[in-house]
Amino acid sequence: MLKTGIIGKQEVVVSQNNTAEVVGSGQLPVFATPAMIALIEKTAWMSVADELEQGQGSVGTRLDVAHTSATPVGMKVWCETELTEIDKRRLVFKVNVFDESGEIGKGTHERFIIQNDKFLKKAESKKD
């Protein structure tokens, strides 16, 4: 059952593939902000996926996060999310991101519950 307080946690190790210089968000070999955003979204959607009805999913619609500290290649990074608000189909998560030295990011993330088939059909209709 979908309820506030659901916790999620996912982790990655910083590699060349998720650095700012490789993903195009900067020139340095440190954990990229877009990679941090992807980790936040993955952590949030996975935390609630099993609580949704058959055929439903969630899509990210808003992020308000700060990336406050750089993480070099080789260090572990993890994200923790907490579902703090449910307003009909709108879900709000508190997010915190850490590396082995401490917090590297925090903020909020919003997702909407969707019917997967209807959502894809609407997206595909843009081609017409």
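Rounded, prolate or oblate: which fits the chain when a ≥ b ≥ c are the square roots of the eigenvalues of the alpha-carbon gyration tensor, with rounded for a/c under 1.5 and prolate only if a/b beats b/c?
Oblate, because a/c is 1.5 or more while a/b does not exceed b/c.
Pairs K42/K118; K106/K127; K94/K127; K42/K121: which exceed 28 Å Cα-Cα?
Values: K42/K118 21 Å; K106/K127 37 Å; K94/K127 35 Å; K42/K121 23 Å.
Flagged as over cut-off: K106/K127; K94/K127.
Can you list the trypsin sites (Lys or Arg not before Pro) in the range 78-128 that are in a DSSP coil and have 16 or fewer other beta carbons within 10 angstrom? Please list the in-between numbers first.
Numbers: sites: K88, R89, R90, K94, K106, R111, K118, K121, K122, K126, K127; in loops: K88, R89.
Taking the range 78-128 and a limit of 16 other Cβ atoms within 10 Å, the loop trypsin sites (Lys or Arg not before Pro) found are K88, R89.
Using alpha carbons only, how many degrees (0 to 90, rounded to 10) separate the axis of helix 33-49 from the longest principal axis of the chain?
The answer is roughly 40 degrees.
Under 14 Å from the Cβ of A66, count the other residues' Cβ atoms, weight Lys and Arg +1, Asp and Glu -1, and hand me the total.
On the way: positive: K94, K106; negative: D64, E103.
Once positives and negatives cancel, what remains is 0.
Could you work out the relative contact order of the range 85-128, using alpha carbon pairs under 8 angstrom and six or more residues apart, expressed as a whole percent?
Working: 41 pairs, mean separation 14.1, N = 44.
Contact order relative to length: 32 percent.
Nothing charged except the Cβ atoms of Lys and Arg (+1) and of Asp and Glu (-1): what's the magnitude of the dipole of the range 1-53 about its Cα centre? Round to the nearest 20 debye. Spell out each step's value before the answer.
On the way: 3 positive and 6 negative charges, 26 e Å.
Here the range 1-53 has a charge dipole of around 120 debye.
Within the accessible area of the chain, what % is carbon and sulfur when the probe is 1.4 Å and the other protein chains stay in place?
Details: 3930 of 7810 Å².
Result for the chain: 50 percent of the exposed heavy-atom area is carbon or sulfur.
May I ask you to list the residues of the range 16-42 whose amide nitrogen lies under 19 Å from a point 7 Å from Cα along the Cα→beta-carbon direction of T108?
37, 40-42
Give the residue from A44, I104, V13 lying farthest towards the positive end of the charge dipole for the range 3-128; charges sit on Cβ (+1 for Lys and Arg, -1 for Asp and Glu) and the dipole is referred to the Cα centre.
After comparing all options, I get A44.
How many percent of Cα pairs in the range 44-100 exceed 12 Å? Numbers along the way, then the final one.
Working: 1172 of 1596 pairs.
Cα-Cα pairs of the range 44-100 separated by over 12 Å account for 73 percent.
The values are calculated or read from the model by the stated rules, or taken from the named source; none is laboratory data. Because the structure is a prediction, the values reported are computed rather than measured. Glycine gets a Cβ as well: all are built from the backbone with ideal geometry, and neighbour counts include every protein chain shown. Calculation scope for accessible area: heavy atoms of the full protein, side chains included, ligands and nucleic acids excluded. Shrake-Rupley method; radii C 1.70, N 1.55, O 1.52, S 1.80 Å.
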